[in-house]
1. Within segment 114-160, track down each residue that is open to solvent by 60 Å² or more (accessible area, probe 1.4 Å), in contact with an Asp or Glu (Cβ under 9 Å, 6 or more places away or on another chain) and not in a strand (DSSP E or B).
2. Within the bounds of segment 99-111, is there any residue that is β-branched (V, I, T) and touching a residue at least 40 places away in the same chain (Cβ under 8 Å)?
3. At pLDDT 80 or above, part of a loop (DSSP other than H, G, I, E, B) and farther than 28 Å from K134 by Cα: which single residue out of G56, G80 fits that description?
Amino acid sequence: MPTRRPQDALDVRDVTVSEGVGMETACTPTGVEICFDARDNNCNGIIDEGCGLHTGILQFTIAWEAPEADVDLNVYDPSGELSRIGEPTSSGLVKDRDCPRVSGECQGQNVENVFLAEGEPARGRYRVVVRLDKLNGATAPVAVRLSARVGQRAFAMLVELSPGASTEEKTFEFTL
């Protein structure tokens, strides 16, 4: 008799996204992991693994093709603290990098990644904001893929961002 699959210890509730944004499958079975596309290409539950990005039981990744566009991934933990580059929040969230960079650190691969570096995820409401900071000559709208890993579940969505009060950012919120 087959064993029952264990229930995910991270129960995701009350998922909301910006109006007009739809959730889609985060897994696209291509057989191998393709780097810097913010997808789980080999359907193993991990986004862009083996690509130099950190992963964790909580992971939020964005990727976009317009090399000149400056898009920001801002992740707020249940206490409202914003994840920062290289420095964990009190709940353990860390941001890998901020693209694009004049220093060339992103090398034309525009990806931003926030992950839980240590410990158990804090319980409460998380807020993920994908925001267009500057077009820098890119053509609007800028298509950005957001993928989120929460425990064994992965969520994904494609958002389009343009300058303007109602079109420059999209949100994804959930409660653990």
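The values are calculated or read from the model by the stated rules, or taken from the named source; none is laboratory data. Since we're looking at a predicted model, the values are computed, not measured. Note that we place each Cβ from the backbone using ideal geometry, even for glycine, and neighbour counts take in every protein chain shown. These accessible areas exclude ligands, DNA and RNA; they are computed on the full protein's heavy atoms, side chains included. Shrake-Rupley method; radii C 1.70, N 1.55, O 1.52, S 1.80 Å.
1. Within segment 114-160, N136, G137, P141, Q152 meet the criteria.
2. Yes, there is a match, as at least one residue in segment 99-111 is β-branched (V, I, T) and touching a residue at least 40 places away in the same chain (Cβ under 8 Å).
3. Exactly one residue qualifies, and that residue is G56.
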